[in-house]
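Asks: Before anything else, here's the structure in question.
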Amino acid sequence: MAHHQGFLSRLSKQERDTYETKVAAADFYRANRVPEEIERALNELFLRKPPDVHGFLADHFANLSAPPRIIRLNGRQVYDSRGQPSVEVDVFCIVRNKERVTSAGVSGLLGPEEPADHVTTAVQWIDEPLNNMLQGQSPFDQSEVDRALSSFFRARSLEQDEIRNREKENLSPGASEVVPPPVTPASAKDKKSKKSKAAEKPIPPAEPPEPVLAGSLAIGSVSLAVAATGAQLRGVPLYRYIAALRGREAPAKFHIPVSLVTLLSCGKASPGKLSLLEEILLVPKAGQRVKQTITMTLELQKEMIRIMNSATKAGVTPAALHDSGAPAVSFEKPEQPLDLVGEACANLGLALGTDIHLAANCAARELMDYTKGKYEVTAGVFKSPDELMDVYKTLVGKYTAVVALIDPFRREDREQWEMLGNLIGGSCSLLSDVTQESRGPPLPGVRGHVLKHVHETTVSDLIRVASEHRGSVLMGTTYSEPCINDSLSDIAVGLGLDYVKLGGLSGAERMTKYNRLISIEEELVQQGILVSKEKHSPPLFGETL
């Protein structure tokens, strides 16, 4: 020690500083095993003699770098395709001492008066509690991230329930909530028709809708952004990353879900008297390429517009594009849109029922008139649940190319779901939208479920539902998307779904997804790992779920 001190005393201040820096550097390198790793890298480099010497060294040391960690989240307001506010989230990670960022957002099923409050709350959640909660979390631990997000959401939901309960308890007796009487088709005032209506059964009252908690958009958006971050950092496409999350490793082969393309929009939001059929969907032949499906759909729509313009179909006039991205047409009867598709197919030489099939999104919940206890099928024409069942039976019997009905009844009409499934289930599947339905018992007769990635739905939730229903989940989007984002196509492929519903062929928010589906398909073909899932001769799904 004395010798060392003597050595230092003989040095100038500059020399002493330089010496101490060298000693500190040597200690730092030894503590982090830098000399050993450099020696190992150089030995491997010499043995392998790669063409790109420095690229080899870069890869070697990249594998030794610290794992990425989430350092912060950033929420911001964006605008959807209708100009309504929506939310998008950025996930920031430190990767090899540099900041990396990935963005994502999900749709919301909100009314026009709701988005502002929902988005403001979502941004607050992202920037404060969720940001603090996920700091230091691995972006690769999707299940742990989603568990934390779901726990946070459940806690907020319970808080909101407690607030509602306190508000109800504080209501004065005179201001208590009014409970509507049971709805029955018969009216005491209609004495003349009392006898004929006596046999009609009262319809079950509507189930209370699941409240959408303000801020819930933050949960799905953060979950998707973390998954996209993990995929980006792994250097793999999002569909491969999700497939690996689903099965612990990516499969050797992939298939492309069959695209259910919206051909026509003809429901309540369209011109004309017909309310029953919100959308007519084209179901292409299994194994057909996405590009071929899009080309065929465009040709069909062009021919249908030509037919309408030539006034060969009475009562049918073309209209502007609907929010779904498909032509909105004026019809008076449910047979008319199906006749129009049939005529267009015949003119183009397409065998309806062989080359293509059809599905109908009925959206029946929106058609119920609770004052009458009936569905308004066309303007001023009302049908009881049993009468509506007969309408569907007649339509499917006449138009055998129709292989699926989406939401033909309200969820409450369980008896009619079961009866219709028994009547037409051999040739036509009944599908139910479960996105916002209560977690009650499964509907009888249902063979597929429409699930939208909205609100608090996490990536882990999507994986779980797809697993529970053995790949027969039909993915659907809302008409309004928060941003130009193609992640839904990757999700559908990664989950191994049989079908995906992306809407019509108009609007950047939809065509971005179709283009991504085409890109994935081409990539899989080039790699020789695309397989065709030969699954849909009628009905759409073969087993009752």
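The values are calculated or read from the model by the stated rules, or taken from the named source; none is laboratory data. What you see is a predicted model, and the numbers here were worked out from it, not measured in a lab. Note: ideal-geometry Cβ built from the backbone for every residue, glycine included; neighbour counts use all protein chains shown. Each accessible area value is taken on the protein alone, full model and side chains, heavy atoms only, with ligands, DNA and RNA left out. Shrake-Rupley method; radii C 1.70, N 1.55, O 1.52, S 1.80 Å.
Asks: Starting from the Cα of PHE92, move 7 Å in the Cα-to-Cβ direction to define the label point; list residues of the range 119-150 whose amide nitrogen is under 19 Å from there.
Replies: Residues passing the 19 Å test: 123-140.
Asks: Going by amide H atoms built from the backbone, whose H comes under 5 Å of the H on ARG69, apart from near neighbours?
Replies: Amide H to amide H, under 5 Å and 5 or more residues apart or across chains, ARG69 pairs with ILE94.
Asks: Considering only protein heavy atoms and a probe of 1.4 Å, how much of the accessible area of the range 267-310 is carbon and sulfur, as a whole percent?
Replies: Answer for the range 267-310 is 49 percent, counting heavy atoms of protein chains only.
Asks: Leaving ligands, DNA and RNA out of it, rank ARG248, ARG365, ARG410, ARG16 by accessible area with a 1.4 Å probe, largest first.
Replies: Listed by decreasing accessible area, they come as ARG248, ARG365, ARG16, ARG410.
Asks: Where only protein heavy atoms count, and the probe is 1.4 Å, what is the accessible area per residue for the range 318-453 in Å²?
Replies: 38 Å²
Asks: Still on this model: Quick one: accessible area per residue over the range 120-168, 1.4 Å probe, rounded to a whole number of Å²?
Replies: In whole numbers, the range 120-168 has 54 Å² accessible per residue.
Asks: Any aspartates and glutamates with Cα under 15 Å of the LYS372 Cα? List them, leaving off those in the same chain fewer than 8 positions away.
Replies: Excluding near neighbours in sequence, the set is ASP190, GLU200, ASP386, GLU387.
Asks: Can I ask one more? Which entries in the list LYS302/LYS393; LYS268/LYS383; LYS253/LYS533 go over 21 Å, if you measure between the two C-alpha atoms of each?
Replies: Too far apart for the 21 Å limit: LYS302/LYS393.
Asks: Hey, another quick one. What shape does the range 344-473 take by its C-alpha gyration tensor, where a ≥ b ≥ c are the square roots of the eigenvalues and a/c under 1.5 counts as rounded, a/b above b/c as prolate, and the rest as oblate?
Replies: Oblate shape, in that a/c is at least 1.5 and b/c is the bigger or equal ratio.
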